[in-house]
Amino acid sequence: MKKMILLVSMLAGVMTFSGCVDDKESASVTAVREAKAAQLSALAALSNAQAANQQALADTENALREAKVAYETAKAAYQQAQTEIAKAQAQQAMAAAQNEIQRLANELEEMAIRHKIAMLDLQARYEAALKKADDDSQALLGGLYTAYEAAATNLLDAQQEIARKKIELAKLQAGLVNSDETSQMLINDQKRIIANNEQQIAEWTAMIEVFEAQKAPEEAKAELVTEKAALSQLAQDQKKALTAANKAGQEMGEAWSDVRDQKYSDLALDVYSNGFAYLVDEDGNNTGVSFNDYILLNSYEATSLGKPVEATVDTYWFSITDDKGNTTYTAVMNRMIRKDVSKTETVAPGVESTKTYTAYPTAYYQLNADGVKAYIAAIKANVEKNEGKALEDAQKALAAQQKVVADLEKAEIKDEAAIENAKSLLPGLQTDVNTAQAALDKANAQVAAIQTAFDTMAAEAANWEATIKAYNAASEAYCDAQFAVDKAYDAYTLQNKKVLALQAVVDGQIMIDGNEYTIDGAIAYAERKIEMANRIIMFAKQEIVGLESANSGGVTDLAIEKLEAEIEILEAELPALEKIVADTKAALDAATAAQAE
């Protein structure tokens with residue numbers, strides 16, 4: 001009984017005590033709770049951004065795969081085409097697939113920049129949330145977050161490198177890059193390897209300097225505050241450079257849209273894709289009915305007529321063979337001439353970066369005035385020979401039958417039955433004349449439409465050239481903005497290596513590439529990395545010498561083979577990188593969740 005009374009008294013005391021507690025938490029407790037909630041929210045945003053970027057890369061890869069299939073399908077159709085019209089349709093489909101591949105290449109570049117800007121913002125948000133935590137939490141979560149950030153960056157870089165190489169491969173396979181540009185692309189890849197390894201040498205050297213200083217943890221901790229502040233500023237500089245590059249990329253895209261929106265561009269497409277090979281209705285819509293008098297334009301590719309001696313790889317031309325078998329080739333319009341211009345700048349001490357930008361000459365789709373005149377004259381001659389002759393024959397037949405009727409009616413002895421029979425043929429012959437006249441009118445209208453198209457192009461030529469120049473300027477400006485990004489990125493990564501090394505000294509634990517090292521072991525590891533980077537640079541320089549001295553024959557096949565091999569190697573490395581990201585993320589999540597309890 002006493003035990004029961006005692007228990008009731010204890011419960012009553014608890015209830016009484018609980019009833020007296022203020023249910024409002026203190027300001028310090030609220031601050032801690034909110035700080036931990038901010039950490040969780042910022043970490044979730046980082047993870048979501050990574051996932052969204054991976055999905056966007058996958059979507060781009062799927063779209064690229066579809067564009068490649070479309071190109072190969074159109075190419076096969078072109079090779080199997082039995083008529084010139086079918087070949088023209090296949091060429092147009094090939095051009096559309098090529099444009100889509102180029103669009104995806106531009107989209108990939110913009111996507112990479114946008115994601116880097118977003119990641120810098122999210123990283124700053126997480127770091128700001130982390131600063132509100134206590135010292136112990138900052139030390140624990142800061143180290144885990146740094147490991148996760150490095151792993152996630154390595155994975156992202158690998159994914160974007162694979163995507164970039166797949167775009168290059170697709171452009172090569174779609175014939176968007178000529179042999180000279182292919183050679184330069186291979187050389188630029190080697191220069192990129194050299195630049196990346198020079199940067200790695202600088203970063204490993206910075207880490208070695210920190211470890212060799214043998215600073216005490218407290219001394220390193222004080223220095224770490226200063227170096228982190230410098231890193232934060234470099235992160236802002238990097239964001240500014242990325243934002244400027246994003247803006248320059250958008251302006252380049254808008255400039256290209258201006259090029260595509262020009263009347264000249266649409267008309268040039270009609271010309272080189274043989275769009276006037278079909279009759280149009282009163283509203284100018286394609287009827288799908290072939291214009292039999294049309295003379296197909298040929299590009300530089302070999303055709304059933306053979307490659308003409310006067311044509312170059314840069315022209316669209318037509319041919320006429322006279323009754324004696326003599327063939328005349330005449331150029332009507334310049335073929336698109338796209339050039340990839342390479343620029344090299346020093347982006348960090350001892351580190352050079354090479355970029356390319358696309359430039360078009362102002363002669364892009366430039367008409368040959370004399371060739372246009374000859375082309376229109378040749379089509380008019382076809383109309384006269386076909387529809388004109390058909391009308392003349394129909395008119396002659398009608399006139400001949402009318403004469404038969406007249407002669408029968410003038411005869412002294414009239415044969416009424418013969419007269420009626422002869423007259424009965426007149427409506428049909430008149431219909432033949434009307435039909436032939438309508439066909440001639442349609443053909444002449446089509447010739448007039450073709451003439452108008454060329455006249456409009458001539459009138460729009462000045463605007464067209466100005467638009468091309470504006471695009472070229474925007475393209476180069478984007479290239480220059482990318483150099484600024486490289487400079488900011490290299491400065492940030494170099495500083496980040498120093499911060500990582502100092503953080504390792506402060507934590508008393510040196511983790512490199514997932515393994516723990518002593519200071520001497522870390523220095524030895526870094527020295528091996530430097531030695532390896534120097535060897536890679538040496539091999540890359542030898543590769544450049546070989547590429548510069550090689551002839552252009554087979555260079556495209558070599559580039560395709562190299563890219564396919566490199567993509568296979570990079571994709572094989574992805575699972576290991578993904579596992580490191582998953583492991584570091586799991587460790588950070590667990591620690592963050594524990595801190596939040």
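The values are calculated or read from the model by the stated rules, or taken from the named source; none is laboratory data. Given the structure is predicted, the values throughout are model-derived calculations rather than measurements. Reconstructed Cβ throughout: ideal geometry from the backbone, glycine too, with neighbour counts over all protein chains shown. For the accessible areas, the whole protein counts, side chains as well, though only heavy atoms, and no ligand, DNA or RNA atoms are used. Shrake-Rupley method; radii C 1.70, N 1.55, O 1.52, S 1.80 Å.
Data for the structure
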| item | result |
| --- | --- |
| Equivalent-ellipsoid semi-axes of the stretch 506-597, from the Cα gyration tensor, Å, largest first | 40, 22, 8 |
| Hypothetical label at Thr327: residues of the stretch 60-81 whose amide nitrogen lies under 19 Å (7 Å Cα-Cβ projection) | 79-81 |
| Per-residue SASA entry for Thr346, accessible area with 1.4 Å probe, Å² rounded to 10 | 80 Å² |
| Calculated FRET efficiency for the pair Glu568/Gln80, C-beta based, R₀ 30 Å, to 0.05 | 0.45 |
| Fraction of alpha-carbon pairs over 16 Å apart in the stretch 348-416 - percent | 75 percent |
| Gain upon complete extension [Ala417, Ala587; 0.36 nm per residue less C-alpha separation] | 50.3 nm |
| Shape of the stretch 388-527, Cα gyration tensor, a/c cut at 1.5 | prolate |
| Using a Förster distance of 22 Å, the FRET efficiency for Ala461-Asp266 (Cβ separation, nearest 0.05) | 0.95 |
| Separation of alpha-carbon centers, the stretch 229-267 and the stretch 411-469, rounded to whole Å | 52 Å |
| Cα-Cα over 28 Å, subset of Lys469/Lys562; Lys239/Lys355; Lys228/Lys529; Lys263/Lys373; Lys240/Lys529 | Lys469/Lys562; Lys240/Lys529 |
| Added length on full extension, which subtracts the Cα-Cα distance from 0.36 nm per residue, Asp340 to Ile536 | 67.9 nm |
| Of Lys165/Lys191; Lys75/Lys541; Lys247/Lys541, pairs whose Cα-Cα distance is over 26 Å | Lys75/Lys541; Lys247/Lys541 |
| The stretch 410-513: trypsin sites (Lys or Arg not before Pro) falling in loop per DSSP and having at most 13 other Cβ within 10 Å | Lys414 |
| Point-to-point label distance, Asp407-Ala222, nm (Cα→Cβ direction, 7 Å offset) | 12.6 nm |
| Chain lengthening between Asn434 and Glu209 when straightened (0.36 nm per residue, less Cα-Cα) | 71.6 nm |
| Separation of the Gln236 and Asp480 label points, Cα + 7 Å toward Cβ, nm | 2.5 nm |
